[in-house]
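Report on the structure given below.
The values are calculated or read from the model by the stated rules, or taken from the named source; none is laboratory data. Just so it is clear, the model here is predicted, and its values are computed rather than measured. Here the Cβ positions follow ideal geometry from the backbone for every residue, glycine too, while neighbour counts run over all protein chains shown.
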Amino acid sequence: MLITANHVRLKEIIEDNINGLSFEAGNEKELADKISYCINNQNNIKDIGEKGKKTYKENITDEIFIKRMMRNIYLNDMINYIFRHYVASY
């Protein structure tokens, strides 16, 4: 079972009460409520957990994570190059 703060990138992957549980980052009460929900709703949690496992395999595997990180590094390098050579020279 995945319980995660609802950061922008994770919102695209994790749907609350569908394939995981999410809470507002920094909201300790909401996190405690999600943990309590897990304890008190074992049947629902099993189903959510299975869907979360499928989502993980489709979206968050090491290979996909590495590809996304490499893409982000490449894009960051491109932006820095453009800034240094074109924007900063003005």
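Condition check for Ile13 on (1) surrounded by 15 or more Cβ atoms within 10 Å (Cβ to Cβ); (2) at pLDDT below 90; (3) touching a strand residue (DSSP E or B) at 6+ places or on another chain (Cβ under 6 Å): one failure, at (3). Filtering the range 43-77 to residues that are among the hydrophobic types (A, V, I, L, M, F, W, C) and touching a residue at least 24 places away in the same chain (Cβ under 8 Å) leaves Ile45, Ile48, Ile60.
Per-residue answers, yes or no, for (1) surrounded by 11 or more Cβ atoms within 10 Å (Cβ to Cβ); (2) out of contact with any Phe, Trp or Tyr (no Cβ under 7 Å at 6 or more places or on another chain); (3) assigned to a loop (DSSP other than H, G, I, E, B):
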| site | (1), (2), (3) |
| --- | --- |
| Gly26 | no, yes, yes |
| Glu50 | yes, yes, no |
| Ile66 | no, yes, no |
| Asn72 | no, yes, no |
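Evaluating Glu30 against the criteria (1) closer than 17 Å to Leu2 by Cβ; (2) out of contact with any strand residue (DSSP E or B) (no Cβ under 8 Å at 6 or more places or on another chain) leaves one unmet condition, (2).
Taking (1) at pLDDT 85 or above; (2) surrounded by fewer than 14 Cβ atoms within 10 Å (Cβ to Cβ); (3) assigned to a helix (DSSP H, G or I) in turn, Thr55 satisfies each apart from (2).
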